[in-house]
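Remarks on the structure that follows.
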Amino acid sequence: MPGLKPAPTPRKRAAWLPTLVRRYFGFSRRETSGFLVLLLLLLAWLFVPMLLRPALPHYNPAADQRQLDQLTTELAARRQPEAARYARRAYPSRYPVVPQVALAPFDPNALTARDWEARGLRHFLAERLVHFRDVIGGFKAKEQIQRTYGLPDSVYQRLAPYMQLPETLPARGAYANRGKAFDRKFPERTPYPASKFPRKPTHLAAFDLNTADTTQLMQIRGIGRGLSARVVEYRARLGGFVRAGQLAEIYSLRDAPDLVDSLRKYTFVTGSFAPTPIDINNAPFELLQAHPYVGKRLARVVVAYRQQHGPFRQATDLRQIRILDEATYEKLLPYLRL
């Protein structure tokens, strides 16, 4: 009839998926077909192993348990003969057995080690009690015996009622008269002779750091003979101090800021002081490397630079040496002479 749409055929009904994919992604017919095939392969790769997986058998632990019990019984049977073979031996005691005595009142200061053993103490503990008694000059109270190292409290409680000693030591006032005996035993010693080292002055006037010798430096507290010699030796290598802060560069003073503060407190550097200069254009390698701010490596480079480029015309020419950092250049600048 006119006006009615024809019914869709089965082929057209099945083509809705490729049409949807092609419209959504903008694929061609070939790309759409390939995409659908790839999609089907992925689904098959995901679900086929689940369908083909074999069913796991049911596990019954009874058989394994019986086997474990049998192995345990066999191992226990094997260990019994070995235990009987390697039975622990009973070794005789190193010390003879002391017969025990009935407890009765006794004086702990009159007992020997054997007597303590007869009252139930072990040999080493009896020896320790006797030694402790000899060291302190005899027991004065039961509490001294109780403090013996290694003495069990149960043993002390058993023996304490029979000890003929007071429970605690007497008050300290009872020992006041011992001072005279101590003085008689240890007479007053003669005073020590005066020290061979002179005492350092408490009020010291500041002095010039560049003209001071070791004797002046040793007057500062904490500065001895060796340290003062190192300060003078470093000053000679340096050519003189231009500021007091250079004292911290000395190896022995790097980890001693208190000594550096003491040196800076009692020394000064005059503003008009001119240090001994270094002839940077004519000084040989040996003289350059001896300076604390130059060293062997920089001295070798300076000599090679002079031979290759000629003498330095001004101090800033040294900046062309790459291994010379800015801090070393600033410290070396007051000592340069062109």
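How much net charge surrounds Ile321 when only the other residues with a Cβ under 15 Å from the Cβ of Ile321 are counted, with Lys and Arg +1 and Asp and Glu -1?
+4
With all protein chains present, calculate the accessible area of Tyr266 using a 1.4 Å probe and round the result to the nearest 10 Å².
Spelled out: Tyr266, probe radius 1.4 Å, area about 50 Å².
State whether the stretch 197-239 is rounded, prolate or oblate according to the following rule on the C-alpha gyration tensor (a ≥ b ≥ c being the square roots of its eigenvalues): a/c under 1.5 gives rounded; otherwise a/b larger than b/c gives prolate, and the remaining case gives oblate.
oblate
With 10 Å bins from zero, work out the P(r) of the stretch 216-338 over every alpha carbon pair and list the percent per bin.
Over the stretch 216-338, the share of Cα pairs per 10 Å bin runs 12, 41, 29, 15, 4, 0 percent.
Enumerate the amide H contacts of Thr267 below 5 Å, restricted to partners 5 or more residues apart or on another chain; note that Pro and chain-start residues carry no placed amide H.
Correct list: Phe207.
Specify whether the C-alpha gyration tensor of the stretch 244-307 places it in the rounded, prolate or oblate class, a ≥ b ≥ c being the square roots of the eigenvalues: rounded for a/c under 1.5, otherwise prolate if a/b is larger than b/c and oblate if not.
Because a/c hits 1.5 or more and a/b fails to exceed b/c, the stretch 244-307 counts as oblate.
For Phe25 and Arg53 in one chain, what is 0.36 nm times their gap in residues minus the Cα-Cα distance, to one decimal in nm? Walk me through the intermediate numbers first.
On the way: separation 28, 0.36 × 28 = 10.08 nm, distance 3.61 nm.
Gain in length upon complete extension: 6.5 nm.
If you plug each phi of the stretch 283-298 into the Karplus form 6.51 cos²θ - 1.76 cosθ + 1.60 with θ = phi - 60°, what whole-Hz ³J(HN,Hα) values come out, in order, with x for Gly and Pro?
5, x, 4, 4, 6, 5, 5, 6, 6, x, 8, 10, x, 5, 5, 5
Principal axes first, then extents: for the Cα atoms of the stretch 271-338, list largest minus smallest coordinate on each axis, whole Å, largest first.
Computed over the stretch 271-338, the largest-to-smallest principal extents equal 37, 23, 21 Å.
What is the local net charge at Phe285, summed over the other residues whose Cβ is closer than 9 Å to its Cβ (Lys, Arg +1; Asp, Glu -1)?
Around Phe285, the charge tally is +1.
The values are calculated or read from the model by the stated rules, or taken from the named source; none is laboratory data. Quick caveat, the model's predicted, so the values are computed rather than measured. Every residue, glycine among them, receives a Cβ derived from its backbone with ideal geometry; neighbour counts consider all protein chains shown. These area figures cover heavy atoms from the full protein model, side chains too; ligands, DNA and RNA do not enter into them. Shrake-Rupley method; radii C 1.70, N 1.55, O 1.52, S 1.80 Å.
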